[in-house]
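To keep things clear, I will list the structure first and then write my remarks on it.
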Amino acid sequence: MNDDESQSSPWENLPAENIGMLLALAQRLAASQYHSMLDPLKLTPVQSQILWTINQQGEITAGALAEMYLVKAPVMTAIVDYLVRLDYVERRQDCSDRRRSLLAITSAGQEILAQLGEIRQNMLKWLTRGLTEEEVSQFTSTLIKMVTTMEDPERLARHYFDKDEQISTHRGPQSQKRAASHHPGSPK
């Protein structure tokens with residue numbers, strides 16, 4: 001037996017109670033990699049995701065984006081202002097309510113979205129290297145199940161997918177409580 005075989009990895013046989021630590025570590029490693037991929041575009045992962053969302057929605061208010069990303073309006077305004085300065089997003093007056101402005105992607109923003117598409121593909125390859133297609137599929141299903149038991153699945157679908165798109169759900173007690181608290185008119 002050589003030295004490599006006699007030493008076990010500290011990652012082997014971790015108890016299930018460490019799943020939170022492992023998810024947090026995976027998130028930090030993935031975020032670091034994604035940041036480095038986005039650096040040449042002078043964007044953060046959140047800014048890039050907001051560009052995708054604006055493009056997907058066609059036109060959207062900054063307030064709706066703030067609600068979608070669960071941040072306060074001034075935070076979203078600062079992000080949008082930066083994207084406007086880069087000429088990736090423009091503000092348009094809402095024809096139905098002149099007090100509101102709608103955000104839309106510019107032609108420069110469309111070019112950046114094309115580059116972001118390539119970066120996302122490279123990121124996916126980086127994240128899944130060493131995994132089989134079956135492992136990726138199973139891991140994705142497990143993460144979806146975890147997320148939808150932590151949060152109201154319909155709310156997640158409304159905010160992260162097209163309005164008509166559905167995701168399979170398993171509603172746990174926490175998501176049912178949150179769903180009740182998010183329903184208009186329910187006590188807070």
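Does segment 36-53 contain any residue that is touching a residue at least 24 places away in the same chain (Cβ under 8 Å), within 22 Å of C95 (Cβ to Cβ) and either buried (at least 16 other Cβ atoms within 10 Å of the Cβ) or among the basic types (K, R) (or both)?
Step one: list which residues in segment 36-53 are touching a residue at least 24 places away in the same chain (Cβ under 8 Å), which gives 37-38, 41-43, 46-48, 50-52.
Retained after the next criterion (residues that are within 22 Å of C95 (Cβ to Cβ)): none.
Within segment 36-53, not a single residue is touching a residue at least 24 places away in the same chain (Cβ under 8 Å), within 22 Å of C95 (Cβ to Cβ) and either buried (at least 16 other Cβ atoms within 10 Å of the Cβ) or among the basic types (K, R) (or both).
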Of (1) modelled with pLDDT of 70 or more; (2) under 22 Å from the mean Cα position of the chain (by Cα); (3) surrounded by 15 or more Cβ atoms within 10 Å (Cβ to Cβ), T142 fails just (3)
Selection from segment 56-81 of residues closer than 21 Å to G117 by Cβ and modelled with pLDDT of 95 or more yields I79
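Does L43 fit the bill of being aliphatic (A, V, I, L, M), in a loop (DSSP other than H, G, I, E, B) and under 27 Å from F139 (Cβ atoms)?
Details: aliphatic (A, V, I, L, M): yes; in a loop (DSSP other than H, G, I, E, B): yes; under 27 Å from F139 (Cβ atoms): yes.
Answer is yes for this residue.
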Filtering segment 83-113 for residues that are in contact with a helix residue (DSSP H, G or I) (Cβ under 7 Å, 6 or more places away or on another chain) and part of a helix (DSSP H, G or I) leaves a count of 4
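Might you let me know whether segment 121-131 holds any residue that is of a type outside the set (V, I, T), within 25 Å of L38 (Cα to Cα) and in contact with a strand residue (DSSP E or B) (Cβ under 7 Å, 6 or more places away or on another chain)?
No, that holds for no residue.
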Confirm whether L23 is modelled with pLDDT under 95, surrounded by 11 or more Cβ atoms within 10 Å (Cβ to Cβ) and not in a helix (DSSP H, G or I).
-> no
Note: among L83, L103, L113, just one is under 17 Å from the mean Cα position of the chain (by Cα) and of a type outside the set (V, I, T), namely L113
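Would you be able to say whether some residue in segment 104-121 is closer than 27 Å to D152 by Cα, exposed (fewer than 13 other Cβ atoms within 10 Å of the Cβ) and among the charged types (D, E, K, R)? Explain how you work it out, then say what you get.
Residues of segment 104-121 that are closer than 27 Å to D152 by Cα, as a first pass: 120.
Then drop every residue that is not exposed (fewer than 13 other Cβ atoms within 10 Å of the Cβ), which leaves none.
No, because not a single residue in segment 104-121 is closer than 27 Å to D152 by Cα, exposed (fewer than 13 other Cβ atoms within 10 Å of the Cβ) and among the charged types (D, E, K, R).
The values are calculated or read from the model by the stated rules, or taken from the named source; none is laboratory data. Everything quoted here is computed from the prediction, not taken from an experiment. Every residue, glycine as well, gets a Cβ built from its backbone with ideal geometry; the counts of neighbours run over all protein chains shown.
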